Amino acid sequence: MEDLLRIGQVCNLYGISLDTLRYYDRKGLLKPLVDKDSGYRYYTLGHLDVLEMLLIGRYLEIPLDQMKEKIDLESIDGYLDVMEEQSRFIEEKYNQLRKLSLYTQEMINLFKSLHGFENDMSFKNIMTEENLNITVYYAELKNLLSHKESSRIHGIEAFEQWFSYSTGQDGLITENSQTVGLSIQEHIAGSDKILDYLGRMAEAGKAKIIKISGNYRRISFHGKEEELKKYLYLLCSHFHLSDTVLHIRYKFALLHKDMEHEYFAEIYFPQQGRK
């Protein structure tokens with residue numbers, strides 16, 4: 001058996017473990033020659049050809065059962081099929097990873113912008129947003145949580161959460177705390193299913209579609225909920241806002257154990273009143 005390789009030699013040659021070769025043996029993929037006297041396992045060059053194909057499959061993350069099926073067919077068509085199928089899988093996975101990368105970078109940029117942020121109490125840094133076109137689906141929390149399909153919807157990272165405040169002529173600001181708004185970041189994986197879900201909720205009368213469109217002004221805010229309300233009063237007083245709606249987009253919640261969280265948000269309001 002001078003032309004044969006022992007199991008340890010094969011492991012060293014390919015940088016794999018003894019358990020890997022034993023597993024392939026148990027699965028019937030790579031059964032070595034066994035010396036009846038010594039019990040040693042030996043591999044031929046033909047065995048190595050099979051091993052190399054198995055390792056290629058492992059590198060490409062092709063399930064072992066699929067590789068076994070194609071090897072058993074002894075046909076080039078089988079190998080072509082499995083490689084084409086895996087190519088489609090890799091492309092899909094690549095697209096998902098690209099979306100994850102974009103989302104991660106968005107979070108990094110957000111945290112950098114929040115670091116050291118202070119509220120603009122003079123409203124000098126107000127921003128103007130022209131030709132906005134944001135669709136927000138408002139619904140009562142009980143409808144969002146109890147819908148029979150909600151448990152099958154994944155992709156919370158695609159949600160942007162909104163609340164709205166109404167300003168009256170008497171200067172009072174009111175919020176419907178039971179109604180939450182959701183807009184969707186369409187480049188996030190799974191956003192198409194979420195949009196379809198919310199669209200069907202709207203058709204069923206369980207959600208209301210609000211369009212934030214046209215020219216708006218925007219300012220950022222950081223603080224607790226009570227501090228937000230005080231800030232909104234200052235904002236309305238400064239810009240003489242009445243009979244209008246303030247749209248609040250929550251970007252991030254800095255969590256506290258006492259549940260008195262701090263919020264980083266963007267406040268949108270129509271271009272009216274004093275500039």
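The values are calculated or read from the model by the stated rules, or taken from the named source; none is laboratory data. Because the structure is a prediction, the values reported are computed rather than measured. A quick note on method: Cβ atoms are made from the backbone with ideal geometry, for glycine too, and the neighbour counts reach across all protein chains shown. These accessible areas exclude ligands, DNA and RNA; they are computed on the full protein's heavy atoms, side chains included. Shrake-Rupley method; radii C 1.70, N 1.55, O 1.52, S 1.80 Å.
Taking the Cα centre of the chain as origin, work out the dipole magnitude from +1 charges on Lys and Arg Cβ and -1 charges on Asp and Glu Cβ, in debye rounded to 20.
Details: 34 positive and 42 negative charges, 189 e Å.
Using Cβ point charges on Lys, Arg, Asp and Glu, the chain gives about 900 debye.
GNM on the chain, alpha-carbon springs under 10 angstrom: the most fluctuating residue among Arg217, Arg88, Arg26 is Arg26.
Heavy-atom accessible area for Thr135, with the other protein chains in place and a 1.4 Å probe, reaches approximately 40 Å². Largest first, the extents of the alpha carbon coordinates of the range 29-180 on the three principal axes equal 98, 40, 35 Å.
Modelled label positions at His115 and Asp49, each set 7 Å beyond Cα in the direction of Cβ, lie 5.8 nm from each other. Set the bar at 22 Å for Cα to Cα. Now go through Lys99/Lys251; Lys224/Lys257; Lys27/Lys70; Lys93/Lys193; Lys99/Lys206 and name every pair that lies beyond it. From the list (Lys99/Lys251; Lys224/Lys257; Lys27/Lys70; Lys93/Lys193; Lys99/Lys206), the Cα-Cα distance tops 22 Å for Lys99/Lys206. Taking the charge dipole of the range 1-143 about its Cα centre, with +1 at Lys and Arg Cβ atoms and -1 at Asp and Glu Cβ atoms, the residue from Tyr137, Asn12, Val82 reaching farthest to the positive side is Asn12. Residues in the chain average 64 Å² of solvent-accessible surface per residue, probe 1.4 Å, ligands and nucleic acids excluded. Taking the longest Cα principal axis of the chain as reference, the axis of helix 76-114 is set at about 30 degrees.
Look at the dipole of the chain built from charges on Cβ: of Leu198, Ile126, Leu114, the Cα furthest out on the positive end belongs to Ile126.
Net charge near Asp19: determine it from the other residues with C-beta under 12 Å of the C-beta of Asp19, scoring Lys and Arg +1 and Asp and Glu -1. Don't jump to the answer; show the numbers that get you there.
Details: positive: Arg22, Arg26; negative: Asp25.
Residues near Asp19 contribute +1 overall.
According to the square roots a ≥ b ≥ c of the eigenvalues of the Cα gyration tensor, what is the shape class of the range 7-49, taking rounded for a/c under 1.5, prolate for a/b larger than b/c otherwise, and oblate for the remainder? Rounded shape, in that the Cα axes give a/c under 1.5.
Could you tell me what percent of the accessible area of the chain is made up of carbon and sulfur, with a 1.4 Å probe and every protein chain present?
On the way: 8920 of 17540 Å².
Carbon and sulfur atoms account for 51 percent of the accessible area of the chain.
Using just its DSSP H runs of length 4 or more, each adding -39500 (n - 2.57), the chain gives a mean residue ellipticity at 222 nm of -13500 deg cm²/dmol after division by all residues. Taking 7 Å steps out from each Cα toward its Cβ at Ile56 and Asp81 produces label points 1.8 nm apart. Taking only the C-alpha atoms of the range 20-75, the Rg (one decimal) and the largest Cα-Cα distance, Dmax (whole number), read 12.1, 39 Å. For the chain, the square roots a ≥ b ≥ c of the C-alpha gyration tensor eigenvalues yield an a/c of 1.5 or more together with a/b exceeding b/c, which makes the shape prolate.
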